Amino acid sequence: MTAPVVDVSILICTRNRQHELSQTLAALQRVAPPAGRTAELLLADNGSTDGTAEVARAFRWQHGTVRVVSVPQAGKGHAYNGGLAVAAGSVILLTDDDVRPAPEWISSVCAPIWQGRAEMVAGGVSFPPHLHRPWMTPSLRSFLSSTELLDAANPEWVVGANLAFSRRVLERVPAFDPALGPGGLGFEDEVLFAWQVREAGFRIVGSLEYPVQHWFSPDRLRRSALGRYLRAHGRSKAYVEYHWEHRVVRRPRLAFARALLRWLGFHARHPLAWSRREGISEREADALRAMGYFAQFAVERRRPRQYARRGLVRQDAT
């Protein structure tokens with residue numbers, strides 16, 4: 001890695017999100033580092049085939065330098081690691097290509113690290129009003145990346161749309177696991193990274209005062225999309241619990257069958273749920289996550305574990 005020469009490197013991974021990235025970059029023009037601090041913007045293009053790379057290369061940020069990193073190997077974990085390899089900041093600040101940060105964003109999330117109070121900071125994430133729905137419970141909003149249930153004093157999970165960490169943590173936890181996240185199993189990439197950071201003895205706090213707004217596509221609220229995302233959450237959790245926590249589930253196929261029966265039973269009792277274009281209940285969501293979890297656990301348990309129990313580095317990377 002290069003020696004740190006700036007105070008914060010903002011890293012955005014993107015793939016085929018030309019319109020969304022354009023809107024996020026426009027919002028970043030209203031965000032400046034605090035007085036006396038320097039910043040750079042790293043745009044990791046993960047093999048885009050639309051105009052995303054051209055949008056990234058054309059952008060000029062009035063508050064710092066911009067570098068575009070080409071990471072052709074598909075998967076957000078690979079994009080993260082490609083960006084980290086060239087980041088020059090003493091703090092790395094992650095966000096997504098479909099967010100709108102507040103003007104105070106950089107200072108609010110990075111301050112605990114600069115002040116020596118933490119090595120990682122979980123920032124807040126909210127939704128714009130047009131994406132709220134009556135059926136959304138706090139738990140379901142959390143599944144869609146809201147941090148309203150996050151304990152700022154002791155964050156048990158983090159969201160990559162707003163996450164900062166000291167460069168020092170990379171000395172112990174050098175990489176994101178590319179088996180997780182978009183392009184892999186779907187989720188849990190930042191969560192596993194944060195758990196490894198805590199396992200390494202670093203401090204994690206929350207800073208939720210100035211959340212970024214997550215402007216995801218309304219298509220994600222369709223029942224078909226929610227079903228895919230929930231099963232992917234379950235699959236990702238199975239990977240982490242098998243490989244990193246070394247959990248044992250002795251009869252995952254039977255557990256999958258029971259979860260499937262719960263899901264079918266729910267629809268037998270609520271037949272109109274099949275016809276809804278949007279939304280899902282918590283009971284159905286729990287069954288879908290369990291189906292994904294146990295189906296994936298049955299796959300993973302036939303594989304060698306990728307980590308020593310609660311390890312900081314994948315064993316095939318050592």
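Each row is one residue, and each column tells you yes or no for (1) surrounded by fewer than 17 Cβ atoms within 10 Å (Cβ to Cβ); (2) among the aromatic types (Phe, Trp, Tyr).
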| residue | (1), (2) |
| --- | --- |
| Asp98 | no, no |
| Trp105 | no, yes |
| Gly124 | no, no |
| Leu149 | yes, no |
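Determine if the range 19-29 includes at least one residue that is in a loop (DSSP other than H, G, I, E, B) and either small (Gly, Ala, Ser) or on the phi > 0 side of the Ramachandran plot (or both). If you could, list the steps in order and put the result at the bottom.
So in the range 19-29, the residues in a loop (DSSP other than H, G, I, E, B) come out as 29.
Subsequent filtering for residues that are either small (Gly, Ala, Ser) or on the phi > 0 side of the Ramachandran plot (or both) retains none.
No - not one qualifying residue is present in the range 19-29.
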Open item on the list: If I go through the range 274-290 residue by residue, how many of them are hydrophobic (A, V, I, L, M, F, W, C) and free of Cβ contacts under 8 Å to residues at least 24 places away in the same chain?
Closed with: 1
Task: Cβ pairs under 9 Å, 6+ apart, first in the range 112-130 and in the same structural domain as Ala102 (by TED's automatic domain parsing), second part of a strand (DSSP E or B) and among the charged types (D, E, K, R) - done: Trp114/Asp7; Gly124/Glu209; Pro128/Arg100
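Quick check on the range 77-88. Is at least one of its residues free of Cβ contacts under 8 Å to residues at least 40 places away in the same chain and either surrounded by fewer than 20 Cβ atoms within 10 Å (Cβ to Cβ) or in a helix (DSSP H, G or I) (or both)?
Checking the range 77-88: at least one residue is free of Cβ contacts under 8 Å to residues at least 40 places away in the same chain and either surrounded by fewer than 20 Cβ atoms within 10 Å (Cβ to Cβ) or in a helix (DSSP H, G or I) (or both).
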TODO: Considering (1) in contact (Cβ under 8 Å) with a residue 24 or more places away in the chain; (2) over 14 Å from Gly183 (Cβ atoms); (3) surrounded by fewer than 21 Cβ atoms within 10 Å (Cβ to Cβ), say which one Ala74 fails and leave the rest.
DONE: (2)
Open item on the list: Checking the conditions here, which among Leu260, Leu230, Leu226, Leu208 is part of a helix (DSSP H, G or I) and either more than 25 Å from Cys13 (Cβ to Cβ) or assigned by TED's automatic domain parsing to the domain that holds Leu21 (or both)?
Closed with: Leu260
- [ ] Take the range 108-131 and flag every residue that is out of contact with any strand residue (DSSP E or B) (no Cβ under 6 Å at 6 or more places or on another chain) and in a helix (DSSP H, G or I).
- [x] Ala111, Trp114, Pro129, His130, Leu131
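Do you know which residues across the range 306-318 are in a loop (DSSP other than H, G, I, E, B), at negative phi and surrounded by fewer than 15 Cβ atoms within 10 Å (Cβ to Cβ)?
Keep residues of the range 306-318 that are in a loop (DSSP other than H, G, I, E, B), which gives 306-314, 318.
Still in the list and also at negative phi: 306-309, 311-314, 318.
Passing the criteria: Ala308, Arg309, Thr318.
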Open item on the list: For the range 32-72: of the residues being among the β-branched types (Val, Ile, Thr) and part of a loop (DSSP other than H, G, I, E, B), which is farthest from Ser9 (Cα to Cα)?
Closed with: Thr49
Task: Index of the failed condition, Ala238 passing every other in (1) within 16 Å of Arg302 (Cα to Cα); (2) touching a strand residue (DSSP E or B) at 6+ places or on another chain (Cβ under 6 Å) - done: (2)
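Yes/no matrix, rows are residues, columns are (1) surrounded by 15 or more Cβ atoms within 10 Å (Cβ to Cβ); (2) farther than 30 Å from Leu131 by Cα; (3) in contact with a strand residue (DSSP E or B) (Cβ under 9 Å, 6 or more places away or on another chain):
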site: His246; (1), (2), (3): no, yes, no
site: His270; (1), (2), (3): no, no, no
site: Arg277; (1), (2), (3): no, no, yes
site: Glu282; (1), (2), (3): no, no, no
site: Ala285; (1), (2), (3): yes, no, no
site: Gln296; (1), (2), (3): yes, yes, no
- [ ] Kindly indicate whether Asp50 is surrounded by fewer than 17 Cβ atoms within 10 Å (Cβ to Cβ) and acidic (Asp, Glu).
- [x] yes
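The values are calculated or read from the model by the stated rules, or taken from the named source; none is laboratory data. Keep in mind that what you see is a predicted model, and the values were worked out from it rather than measured. Cβ sites come from the backbone with ideal geometry, for glycine too, and all protein chains shown count toward neighbours.
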